[in-house]
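Bear in mind these aren't lab numbers, they're just calculated from the coordinates by the rules spelled out. Values in this document were obtained by computation on a predicted structure and should not be read as measured data. Please note: Cβ atoms are built from the backbone with ideal geometry, for glycine as well, and neighbour counts cover all protein chains shown.
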Amino acid sequence: MAKKTSTLNSPAPAPGPSLHSVNSGGKRAGAKAADVYSPSASQVNAGYGPHFDVLEIGHPDYVALINADTAFWVLSPRAEALDYLLGGELPKSYLEKEAKLAADLETVRFKLLTSAVYFNPTERCNLDCGYCYLPREARRGGHDMDPSRLMEALAKLKEFFVSTLPEGARPQLVFHGSEPLLAKDAVFRGIEKYGDYFRFGVQTNTVLLDQEAIGFLKEHGCGIGISIDGPTAEIADRTRRTWGGSGVFAQTVKALEQLIGYPGLNIITTVTKENVRSLPELVEFFHAKGVTNALLNPVRGTQLGGRNLMADQGDLAHYFFKALDRTYELFAETGRKLVIGNFANLLLGLVAPGARRLMCDISPCGGGRCFFAVGAGGEVAPCSEFLGLPEFHGGNLFESSVKDLVATPAFTQVTTRMVEQLEPCKRCAVRHFCGAPCPAEVYAINGKLGAPAPMCDFYAAQARYAFRVIADGRLDALLWDGWKDGLEEIVVM
Ligand code: SF4
Ligand code: SF4
C-alpha cells in the first residue's frame, strides 16, 4: 500500500524556555519515580535518554539544538540555549514529534520501494566532458544496446515494477548518459511502446536535440534534462566539449530557449573548480532566461577526470551560498523564483524529513534502493555513478531477474551503508541532513565504502547555511511554491 508522510519539523524558533524545571540527572524535588526513569518524558541531556547537540550555525542570534537520531531540531536564541537545553519546553516539544519523526526517517531510509531506473542505451558519447563518470574508452568507442534488446529490457523492467509497486504506480525511467540520443530511434520506439506505463525522461547534452526530437519528447510528456556548466561559453566550454575540443554552449543555450516553460525541463550544472567562482553569475543568467529550477551538483570524484576537477571545499561553500543568496535577491526584486533543487532538497530534509525528492543526502542513499542503473551491455549497478566500477555490478539484466540482481552483495553493500557506522559521521549532528555521500565517490577515493564524504566540510557548512536561511525567514523563498501543500501529496511507495 502507498503510505503518506507529511511531518513538519520545527521551521520556526522554539517558544520561550521554561524556567521552572531543572535537568540535573538526579531526582528533582517532588518528582515522581516515572520522571526519573523516563527522561524523555521530562528531561533531555540527563545522561541517558534524548540528547541534544548544540550546533553553531554562524548566525548572530541563533544556534540550533539537534537530536541527531530523529533529525529533530529547534533554533534557540543564543543567550537562552542553556535554558532551552535544561528546561522543560524542549522535551515537551520533542516528545510531541519524536515518534512521527523517527517513523518518517525510518520510512525514507529503509522502506521506500524501488521506483526508478537510469538506463544507458549506448556507451557512446559525442562529447568528452572532463568529469564524466563513465570510462573514456567506452564513451569514445563503445557499443549501443541492440534495439530489440532495448525493448526486451523495458519489458523486463516493467515486469519487475508491476510485481513490486502498488497498482497504478508509474515508475520513472530516465535514458541517461553516455548520450542517449545517439540511440534515438530505439529510445523513441521504447517511449512510444511503454509511454503509458513508465514516466520517461531523457538526459541529453543537446547536440542531437533538434526540433523534431523536442517535439516528440514534449508530445509524449517526457522529462528533458540538459546540462549547462556556466553563464558564458568561455566558462561552460571548459568542461563540456566535443572530442575535437569545441564547446557546445551556444547550442545548449538555443535548446534551453526552446524548452523554457516546458514543465518537464530539468537543468543540471556540474560544479567544478572551472566554474565554481561563476555560480552567482550563473544563477543570474538562468533567472534572466526564465529558468525556474536547476541543480548545482558538485562534481563527483568517482572517476579520475571528476576527481581532478573537484572544487576546493571552501570555494564551493562560499560561491554556492553566494549563488543561493543571489536567487533570494532576484526573487525579492522580481517575484520570480529560481529554485536550486539540491539545496531545496536539504531544506525539505530539515523541515519535512519524509518529503525529500532527491536521495543523495540521506543514508543509505537512494542508489540500489530507490533506483538503480542499467548499462548499455545490460549490466546493472546501484546508481549511474557505479556503472564505471565493475565490482559494483550486480549482474546482467538479460541473464538474471531484477529481484535477484538488487539483492546481490554488489547492491547490498551500498544499500546497507549507514552514517551510524562511519567515523566521524556517527557523532555528527547533521548526519541525517548529509548522508555522507557519495558511496561511489568514497569508494573510488578511499578504496572502501566505510569513510565519510570527501566533501564533508562542504556538507557540514551547507547544513549550517540551511539553518541560517530558516532563522532569517528565507525558507519559502528558496523552496518550490506550494511545498507545504505538496507534503499532503507525497506518496511513499
Ligand atoms: S560526511 Fe561530514 S557532514 Fe556528512 S555526516 Fe559525515 S561528518 Fe557529518
Ligand atoms: S550518493 Fe552517489 S551513489 Fe548514492 S544516489 Fe547519489 S550519486 Fe548515486
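Around the amide H of GLU379, modelled in the peptide plane, lie the amide H atoms of LEU397, all under 5 Å away and 5 or more residues distant in sequence or on another chain.
When only DSSP loop residues count, what GluC sites (Glu not before Pro) in the stretch 129-238 have their Cβ near at most 10 other Cβ atoms within 10 Å?
Values: sites: GLU137, GLU152, GLU159, GLU167, GLU192, GLU212, GLU219, GLU234; in loops: GLU167.
Here the sparse-neighbourhood loop sites are GLU167.
Relative contact order, percent, of the stretch 321-462 when contacts are C-alpha pairs under 8 Å separated by at least 6 residues? Before the final figure, lay out each step's value.
Numbers: 193 pairs, mean separation 26.9, N = 142.
Relative contact order for the stretch 321-462 comes out at 19 percent.
Take the alpha carbon gyration tensor of the stretch 51-168, find the square roots of its eigenvalues, order them as a ≥ b ≥ c, and report rounded if a/c is under 1.5; if not, report prolate when a/b exceeds b/c, else oblate. Provide the component values of the computation, followed by the final result.
Working: a/c = 6.31, a/b = 2.08, b/c = 3.03.
Because a/c hits 1.5 or more and a/b fails to exceed b/c, the stretch 51-168 counts as oblate.
What is the helix-to-structure angle for 313-334, meaning the angle in degrees between its Cα long axis and the longest Cα principal axis of the chain, kept from 0 to 90 and rounded to the nearest 10? The answer is roughly 90 degrees.
Only alpha carbons enter this Debye calculation for the stretch 171-326, each as an equal point scatterer, and the log10 of I(q)/I(0) it gives at q = 0.09, 0.13, 0.15, 0.20 Å⁻¹ is -0.30, -0.63, -0.82, -1.29. With both labels modelled 7 Å from their Cα along Cα-to-Cβ, the ASP485 to GLU152 distance reads 4.7 nm.
Fewest-first ordering of ASP144, ASP485 by other beta carbons within 10 Å of each residue's beta carbon gives ASP485, ASP144. Values of log10 I(q)/I(0) for the stretch 344-432 across q = 0.18 Å⁻¹ run -0.81, by the Debye formula with one identical scatterer at each alpha carbon and no solvent. For the stretch 390-401, 3J(HN,Hα) computed residue by residue from phi via the Karplus equation (6.51, -1.76, 1.60; θ = phi - 60°) reads x, 5, 9, 7, x, x, 10, 4, 8, 10, 9, 6 Hz, glycine and proline entered as x.
Annotation: amide H-H contacts under 5 Å for VAL339 (H modelled 1.01 Å from N, sequence separation of 5 or more, or interchain): ASN293, ALA294. Projected over all directions and averaged, the alpha-carbon convex hull of the chain occupies 23.1 nm². Excluding same-chain neighbours fewer than eight residues apart, the lysines reachable from LYS289 by a Cα-Cα span under 19 Å are LYS254, LYS337.
Tell me the Kirkwood hydrodynamic radius of the stretch 229-307 in angstroms, computed as one over the mean inverse distance between distinct C-alpha pairs. Could you put the intermediate results ahead of the total?
Working: mean 1/r = 0.0757 Å⁻¹.
Result for the stretch 229-307 stands at 13.2 Å.
Report summary: the helix-based calculation at 222 nm, which adds -39500 (n - 2.57) for every DSSP H run with n ≥ 4 and divides by the residues of the chain, gives -11000 deg cm²/dmol. Each label point was placed 7 Å from the Cα along the Cα-to-Cβ direction; for LYS448 and GLU423 their separation is 0.9 nm. Put simply, the amide H of ASP128, placed in the peptide plane, has neighbours under 5 Å in ARG241, THR242, TRP243, leaving out anything fewer than 5 places away on its chain. Values of log10 I(q)/I(0) for the stretch 306-376 across q = 0.19, 0.26, 0.29 Å⁻¹ run -1.00, -1.13, -1.17, by the Debye formula with one identical scatterer at each alpha carbon and no solvent.
Taking a 28 Å limit on the Cα-Cα distance, which of the listed pairs LYS111/LYS448; LYS92/LYS322; LYS100/LYS322 fall beyond it?
Values: LYS111/LYS448 25 Å; LYS92/LYS322 37 Å; LYS100/LYS322 35 Å.
Violating the 28 Å Cα-Cα cut-off are LYS92/LYS322; LYS100/LYS322.
Ordering ARG336, ARG238 from the fewest to the most neighbouring beta carbons within 10 Å gives ARG336, ARG238.
Only Cα pairs under 8 Å and at least 6 apart count here; give the relative contact order of the chain as a rounded whole percent.
Working: 940 pairs, mean separation 89.9, N = 493.
This gives 18 percent for the chain.
Exposure proxy for MET310, MET151: other Cβ atoms within 10 Å of each Cβ, ordered fewest to most, give MET151, MET310.
With an 8 Å Cα cut-off and a minimum separation of 6 or more residues, compute the relative contact order for the stretch 329-383 in percent. Write out the running numbers ahead of the final one.
Details: 38 pairs, mean separation 9.7, N = 55.
The normalised contact order for the stretch 329-383 reaches 18 percent.
Note on the stretch 182-228: percent of Cα-Cα distances in each 10 Å bin, starting at 0 and stopping at the bin with the largest distance, equals 26, 62, 11, 0.
I need the shape label for the stretch 404-493. Rule: rounded when a/c is under 1.5, else prolate if a/b > b/c, else oblate, with a, b, c from the alpha carbon gyration tensor. Oblate, since a/c reaches 1.5 and b/c is not below a/b.
Classify the stretch 96-242 as rounded, prolate or oblate from the Cα gyration tensor: take a ≥ b ≥ c as the square roots of its eigenvalues, call it rounded if a/c is under 1.5, otherwise prolate when a/b beats b/c and oblate if not. Please report the intermediate quantities before stating the final value.
Details: a/c = 1.98, a/b = 1.36, b/c = 1.46.
Cα axes put the stretch 96-242 in the oblate bin.
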